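Novice: First the structure, then my questions, so here it is.
Every number here is computed from the coordinates shown, using simple stated rules; none is lab data. Keep in mind it's a predicted model, so treat the numbers as computed, not measured. Positions of Cβ are backbone-derived with ideal geometry, glycine not excepted, and every protein chain shown enters the neighbour counts.
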Amino acid sequence: MIEAVDLTKRYGEKLAVDSVSFTVRPGRVTGFLGPNGAGKSTTMRMILGLDRPTAGRVTVNGKQYADHRAPLLEVGALLEAKAVHTGSSARDHLRALAATHGIGRKRVEEVIELTGLTDVAHKRVGGFSLGMGQRLGIAAAMLGDPKTLVLDEPVNGLDPEGVKWVRTMVRYLAGEGRTVFLSSHLMSEMAITADDLVVIGRGRIITTGTVQDIITASTTGSVRVRSPRAGELAETLRRDGVTISSSEPDRLDVTGIDAPAIGELAAQRGIPLHELTPVSASLEEAFMTLTAGEVEYHSEAVGDPDTRQMQEAGR
Amino acid sequence: MTAVTTEPGRAPSVPRDAHVTFLGELRAEWIKFTAVRSTPWILGVTVLVMIGIAALSAWSFSFLLDNPEETGGAAAFPADFDWAAQAAGAGYIMAQIVVAVLGVMVVTGEYTTGQIRSTLAAVPRRLPVLAAKGVVVTIASFVTGLLGVALGALVALPLLSSHDITLDLSRDGTLLSLLGAPLYLVAVALFSLGVGTMLRHTAGGIAVAVLIFFVLPMIWPNLAPDFFQDTSPYLPSIAGARLMEGVDPDAVLSPWQGYGVMLAWAALALLGGAVLLRRRDA
């Protein structure tokens, strides 16, 4: 269980995390979703007591992280790939971390095997790929067999097999009743992995809830219709609360009325349908809708004279 | 795909009462210290350099005593000058640079690589980390210095034997001169650890340490105003070097007073490091 209350972090002028409150519950995978620079990593560092909050507080399993007698048994953390001395071997890194808590050699070998690092455990971490670095970070997080896992971008740099492995593992760990909190800017990955979401943009919580609720609440499902008499059908469907757009002559994208109703109306008028498809919104689209205007770095053509003229005209 | 082997509840290989202890953190720091391959190498080379300088010093003393008409012989030295001990410990001057670099890098190496976040997440109270690093560099620098002096003496003595010079440990001040180099190196390592913790940057930390232990003692005492003359005995390097110079009635500080002043400097640097380590974001 992780509880953040009015958590705030200011770096000079910049408010990196702005009065953020959320609860991460045990037995579920909670995704921490937001664009790059939204404050995800800063929030996670505050959870682990690495960064001191400017205001507010965050507790893990009822206590501030630093107050735990055995932090590695409470929280396993993956903060960034390769938070490891490059001159050390993977095994020595894990042995040193384990030694702080009096955890023995056996557990070190277990997490090495668990993360598939057996063949490279004796090698210097400096030569590791990003993916191997991530596996080592997850191995370190698992050392104390912790009740809570905090994973910052765990699938970053992993190959598809590795991504699947992380997904399976976090689902399994949550299934055992552990608390799993993982961040990502990949909405598609979150849609598959997470139960709950905390969505953050520019340091502020945009929304929290289950993945399904967030998709439902932030988008409206539409229906794609194809018909040789599309224009006539559009006239039939037009009424309050229904919006119709058309990108091709024989195609309509309809919102505000569901597919069965469209089918029945078409049948009454004898209008043939070639396609009638409900289109459910993806988390990706929900995320775009939610974070529109919250993304710190918009991609825009600053050098484009048209854009500049428009900006100047707008002033 | 690797099978997930964790069972519900705690893995049996993780002790139920496992928790952070200072001894555990000390072991962790020792593992990290020896895990980086360059460390034993650097310390081994340091011992070799100390032996080499001891041999050179002994050879040069021998030359000086052999050619009194050119060099003035022993006349230029105090009557009770301890030739053997001075030759054996002469290498400290080079060794202190290595030890300073090591003291700085034990902590800045963690900041450069990101290791510090793993370290502080495991020991979030932070100060035990600095304390354990202090113990590790103390042991490493003392043993290096001791080996350097002991082996240096073994090499130096045959070169001085033609002048009936021996190493008499019962003689007043001899043992102190010999132990002086390892003790001095400990203070250098601790001071550098403090500086490294404050600055968090390898290059900056090394620059400050070299400036203080190598450059300052060459410049400060030679500046004209009285202020510099009066304060120079209290510079960390000059104060600490009193240990190796033996009893000197003209000196402002006795050997142990001098070492006390040097340790006070080291304590100040460590205190600064400790305060910043506690306060700053990692």
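Novice: Which order, highest average first, do B:196-208, B:112-124, A:227-239 follow once you tally other Cβ atoms within 10 Å for each residue and take the mean per peptide?
Specialist: Numbers: B:196-208: 20.3, B:112-124: 22.2, A:227-239: 15.5.
Packing proxy ranking, top to bottom: B:112-124, B:196-208, A:227-239.
Novice: Please give the helix B:174-199 orientation as an angle from the longest Cα principal axis of chain B, in degrees from 0 to 90, rounded to the nearest 10.
Specialist: Compared with the principal axis, the helix lies near 40 degrees.
Novice: Can you list residues whose amide H is under 5 Å from residue B:200's amide H, if they're 5+ apart or on another chain and H is modeled 1.01 Å from N?
Specialist: none
Novice: Residue A:171 to residue A:267: FRET efficiency via 1/(1 + (r/R0)^6), r the Cβ-Cβ distance, R0 45 Å, to the nearest 0.05?
Specialist: 0.55
Novice: Against the globular-protein guess of 2.2 N^0.38 Å, express the Cα radius of gyration of chain A as a ratio, rounded to two decimals.
Specialist: Output field value: 1.26.
Novice: With the Cα gyration tensor of region B:143-282 in hand, give its eigenvalues times 5 under a square root as the equivalent ellipsoid semi-axes, listed largest first in whole angstrom.
Specialist: So the equivalent ellipsoid measures 31, 20, 14 Å along its semi-axes.
Novice: Taking R0 as 45 Å, what FRET efficiency do you get between residue B:256 and residue A:195 from their Cβ-Cβ distance, rounded to the nearest 0.05?
Specialist: 0.10
Novice: Just need log10 I(q)/I(0) for region A:1-41 at q = 0.14, 0.22, 0.33 Å⁻¹, Debye formula, equal scatterers on the alpha-carbon atoms, no solvent, rounded to two decimals.
Specialist: So the normalised log intensities are -0.37, -0.81, -1.17.
Novice: May I pose another question? Starting from 0 in steps of 5 Å, tell me what percent of the Cα-Cα pairs of region B:5-84 lands in each bin.
Specialist: Distribution as computed: 3, 10, 10, 10, 9, 8, 7, 7, 7, 7, 5, 4, 3, 4, 3, 2, 1, 0 percent.
Novice: Partner chain Cβ atoms within 10 Å, averaged over the residues of A:62-72 - can you pull that number for me?
Specialist: Details: counts 0, 0, 1, 2, 6, 2, 3, 5, 8, 8, 7.
Whole-number average of other-chain Cβ neighbours for A:62-72 is 4.
Novice: On the first, second and third principal axes, largest extent first, how far apart are the outermost C-alpha atoms of chain B in Å?
Specialist: Taking the Cα atoms of chain B, the three principal extents are 85, 45, 31 Å.
Novice: If you don't mind, there's one more thing I want to ask. In nm², what is the average projected area of the convex hull enclosing the Cα atoms of region A:101-183?
Specialist: 5.7
Novice: Here's something else I'd like to know. State the Kirkwood hydrodynamic radius of the protein assembly as shown in Å, one decimal place, computed from all pairs of distinct Cα atoms.
Specialist: Kirkwood hydrodynamic radius for the protein assembly as shown: 28.8 Å.
Novice: Then there's this: Across the protein assembly as shown, how many lysine pairs separated by 8 or more positions, or lying on different chains, have Cα atoms within less than 24 Å?
Specialist: Qualifying lysine pairs in the protein assembly as shown: 20.
Novice: Further, regarding this structure: Could you tell me what a quarter of the Cα convex hull surface of region B:88-165 works out to, in nm² with one decimal place?
Specialist: 6.1
Novice: How many percent of Cα pairs in region B:104-225 exceed 17 Å?
Specialist: 68
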